[in-house]
1. How many residues are among the charged types (D, E, K, R) and in contact (Cβ under 8 Å) with a residue 12 or more places away in the chain if we restrict to the stretch 48-80?
2. Which of the numbered conditions does VAL70 fail, given that it passes all the others? Conditions: (1) within 18 Å of HIS174 (Cα to Cα); (2) buried (at least 19 other Cβ atoms within 10 Å of the Cβ); (3) out of contact with any His (no Cβ under 8 Å at 6 or more places or on another chain); (4) not basic (Lys, Arg).
3. Run down PHE154, PHE114 and say which single residue is among the aromatic types (Phe, Trp, Tyr) and buried (at least 19 other Cβ atoms within 10 Å of the Cβ).
4. Just give me the residues in the stretch 163-192 being without any contact (Cβ under 8 Å) to a residue 40 or more places away in the chain, in a helix (DSSP H, G or I) and surrounded by 16 or more Cβ atoms within 10 Å (Cβ to Cβ), in sequence order.
5. Conditions first: (1) farther than 22 Å from LEU90 by Cα; (2) outside any helix (DSSP H, G or I); (3) of a type in the set (D, E, K, R). LYS42 passes all but one, so which condition is the exception?
6. Counting just the residues of the stretch 83-110 that are more than 18 Å from PHE178 (Cα to Cα) and aliphatic (A, V, I, L, M), which one comes out surrounded by the fewest Cβ atoms within 10 Å (Cβ to Cβ)?
7. Identify, from the list GLY137, GLY116, the residue that is outside the structural domain of ILE9 (by TED's automatic domain parsing), in contact with a Leu (Cβ under 6 Å, 6 or more places away or on another chain) and not aliphatic (A, V, I, L, M).
8. Could you look through the stretch 1-39, keep only residues that are among the hydroxyl-bearing types (Ser, Thr, Tyr) and not in a loop (DSSP other than H, G, I, E, B), and pick out the one that is nearest to ILE185 (Cα to Cα)?
Amino acid sequence: MKAVTRIAIFASGNGSNAQRIAEHFRDRNLLEISAIYSNNPKAFVLKRAEKLGIPSVLFDRHSFLETTDVLSDLLSRKTDWIVLAGFLWLIPGYLLDAFPNRIINIHPALLPKFGGKGMYGARVHEAVIASGEKESGITIHYVNANYDEGQVIFQANCPVSKDETASSLAEKVHQLEFEYYPKVISDLLLKR
């Protein structure tokens, strides 16, 4: 029988994608959420983790960037993969080395456009609309040493209407995230 694959979710904010992923895997025998990690003590994702009965781990910039405390915790939980769900910090080299091609992220636009440092949330949607793009969407990709530059795993798109606002586009993109991110994670991990 195949061993259980354990996923750590990293999030900095609300955590709606983290919750959706956790709920998707709740009744799956081969996939399990080991913990939800956050760099933000006020992040609502921590309350979501508590409600879902998932352990949470809070860390600061020093412990993330200048120690291997986060890695030690991940390894103690026998974590196999890291899934970023609204996590805003660049992943340090020691984690990339420990989890080669096993860290994935979702970006709320069709990369390579509208990615990079500082491109998250409403900023992305505002940039898409300002550029006159006819479509936007999501990109699920492997994480490397640069923001939003890892190999693309999956993309899905949605139209950008003439009267689109950042909030209406965000809602369309969020629906794509909810629909596809858990499924793509599941497909990717179960194929390995």
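1. So the count comes out to 7.
2. (1)
3. Values: PHE154 fails: buried (at least 19 other Cβ atoms within 10 Å of the Cβ).
After applying the criteria, what remains is PHE114.
4. LYS172, LEU176, listed by residue number.
5. Single failed check for LYS42: (1).
6. This residue is LEU90.
7. Exactly one of GLY137, GLY116 is outside the structural domain of ILE9 (by TED's automatic domain parsing), in contact with a Leu (Cβ under 6 Å, 6 or more places away or on another chain) and not aliphatic (A, V, I, L, M), namely GLY137.
8. Top of the filtered list is THR5.
The values are calculated or read from the model by the stated rules, or taken from the named source; none is laboratory data. Small disclaimer: the values here were computed from a predicted structure and weren't measured. We place every Cβ from the backbone using ideal geometry, glycine too, and count neighbours over all the protein chains shown.
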